Amino acid sequence: MKYTSQRGTRDILPVDMPVWHNLEKNCRKLFELYNYFEIRTPIFESTELFARSIGESSDIVSKEMYTFKDKGDRSITLRPEATAPVVRAAIQNNLIEKDKITKLYYMGPMFRYERPQAGRYRQFYQSGVEVFGSKDPALDAEVISLSVQIMDKLGLSDLSVKINSVGCKSCRPKYMETLKEYFKSNAKNLCETCNNRLETNPLRILDCKDPSCQKHIENAPAIIDFLCEECKTHFEKVIYWLNVLNIKYEINKRLVRGLDYYTKTTFEIVSGKLGAQNAVCGGGRYDNLVVEFGGNDTPAIGFAIGMDRMVEVLKEHGTQSTEHRFRLLYIATLGDAAKKLGVELLLNIRKSGYAAEMDYIGKSLKSQMKEADRIKAKYVLILGEDEIKSGKAMLRNMETAEQGEVLLDKVLEEIIVRLQSKGSKF
RNA sequence: GCGGCCUUGGUGUAGAGGCAACACAGCAGAUUGUGGUUCUGUUAUCAGGGGUUCAAUUCCCCUAGGCCGCCCCA
């Protein structure tokens, strides 16, 4: 094969489209029920936009970005996530107004240079929301609830919601210090990567699966115990509202998200049906990002759903909806005169809003019938020399195998009548 | 970036150091104008490159890709 898709990218083929469409349709529907409006931002942005928001020390920025210089010597990066671009766009277009809630949703491809694995691609798709303008914990719960509603709507079970709080500017530094101190005292027992993390990002040690680190992690101070008053009550109220909304969740003290902009609430939905890459949704609050990007001080919260993984779960779940197709007419022709008539008729059928197809390979009548059968045509209109001479055509119902003659003058009407109704004789 | 397993026709599989087998799909034909059954025929230099050998698709090495794990995350 001369060319193949690039590593970590794949073609999403027609067979899988019903599942994708179903997912997209349901996301859109729920987002709009919650009064979100769609926004589409560019696939690439300045590298700095991501470096600043996601964090220089994060894995995403330090090793996973598709970054290149354009012909104007600008450093460009293919978006690894959508929150930063959406925040940028919201500020740039004055979508965020004082004392007003702005709700945006998006859907599209993201890019991260990682080693491909099941459920992990270099070009992958996310759909998510961002809300600006409220620090109400009830909103946190609503946002989490929305993501859960989508899963419900899609009929997914075996999912669990994990939540945590990562504190804010005032309490996180203190916690980080304590954590650093704690791990430093055990540094010789930690794995190599965790030793590096001690300096770069001690928070992430909490996520380490290395057995030698695990036992220290068990006893590590938890951020929840270090939250400032504001963050603490915020977290408690989120829990309160989650209970009001009747959402099942697990508090995961070690849920650390890999993006630096998160404050207070973070959450994740994981599926028991996937492999190691089991997070299907992740998000959280980011109250400082808007002001850091030069907007007015505006709290915000959002999440992203990993669509590729959702599709996997949906396929496993067997809920792929077969997409509705039109009742299809196949026009079989024999001879040049018939072909001309067929081509004209084909156009008119389609102009009338009905699906139709005919042969362009020069197949025999038998093969045309086979083809009609293969593409599941409901009717076949047979136009042959004999029919044309007598001013008639043969119309065959492929399901009942009944057929009858129709006058060429009225063939369009006759066909339409049959394509509309199910009870016709042939 | 690291480790393990893997890569045979359109698809799914078999195979052995020396004619690459099977199923399904596809195409053609079995009434030179009619489908879904049946029958017949037909469809691959075994991912790419290099090496060992009289001989390799089968053994070895490299590369690419896939899967799984680490890492990270959606």
Item to check | helices (runs of 4 or more DSSP H) contained in the stretch A:176-263 and holding at least 2 residues free of Cβ contacts under 8 Å to residues at least 24 places away in the same chain and outside the structural domain of A:VAL166 (by TED's automatic domain parsing) | outcome: A:192-200, A:211-218
Item to check | Members of the stretch A:227-281 that are aromatic (Phe, Trp, Tyr) and touching a strand residue (DSSP E or B) at 6+ places or on another chain (Cβ under 9 Å) | outcome: A:PHE235, A:TYR249, A:TYR261, A:TYR262, A:PHE267
Next on the checklist: Looking at the structure I just gave you, is A:PHE31 on the phi < 0 side of the Ramachandran plot, surrounded by fewer than 14 Cβ atoms within 10 Å (Cβ to Cβ) and among the hydrophobic types (A, V, I, L, M, F, W, C)?
Outcome noted: no
Checklist outcome for this item: Of the candidates A:GLY282, A:GLY342, A:GLY294, the one satisfying the condition of being closer than 24 Å to A:LYS153 by Cα and small (Gly, Ala, Ser) is A:GLY282
Checklist entry - Of the residues that make up the stretch A:116-127, is at least one more than 12 Å from RNA strand B (Cβ to nearest atom) and surrounded by 16 or more Cβ atoms within 10 Å (Cβ to Cβ)? => result no
Next on the checklist: Return the residues of the stretch A:348-388 that are more than 8 Å from RNA strand B (Cβ to nearest atom), loosely packed, with under 12 Cβ neighbours inside 10 Å and part of a helix (DSSP H, G or I); say none if nothing qualifies.
Outcome noted: A:LYS351
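Of the residues A:ILE91, A:ILE60, only one is away from RNA strand B (no atom under 16 Å from the Cβ) and either assigned to a helix (DSSP H, G or I) or in contact (Cβ under 8 Å) with a residue 24 or more places away in the chain (or both); which? Spell out how you get there, then give the answer.
Details: A:ILE60 fails: away from RNA strand B (no atom under 16 Å from the Cβ).
After ruling out the rest, the residue left standing is A:ILE91.
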Item to check | Unmet requirement for A:ILE205, which otherwise passes all of (1) over 18 Å from A:THR263 (Cβ atoms); (2) at pLDDT below 75 | outcome: (2)
Checklist entry - What pairs come up if the first residue lies in the stretch A:364-390 and is under 21 Å from A:THR400 (Cα atoms) and of a type in the set (D, E, K, R), the second is assigned to a helix (DSSP H, G or I) and modelled with pLDDT under 90, and their beta carbons are under 9 Å apart, counting only those six or more places apart or on different chains? => result A:LYS378/A:ARG418; A:LYS378/A:LEU419
Checklist entry - From the residues in the stretch A:250-307 that are over 22 Å from A:GLU230 (Cα atoms) and more than 14 Å from RNA strand B (Cβ to nearest atom), which one is surrounded by the fewest Cβ atoms within 10 Å (Cβ to Cβ)? => result A:GLY294
Checklist entry - Residues of the stretch A:2-28 being part of a loop (DSSP other than H, G, I, E, B) and at negative phi, which ones? => result A:LYS2, A:TYR3, A:THR4, A:SER5, A:GLN6, A:ARG7, A:THR9, A:ARG10, A:ASP11, A:ILE12, A:LEU13
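The values are calculated or read from the model by the stated rules, or taken from the named source; none is laboratory data. Note that this is a predicted model, so its numbers are computed, not measured. With ideal geometry, Cβ positions are generated from the backbone for all residues, glycine too; neighbour counts draw on all protein chains shown.
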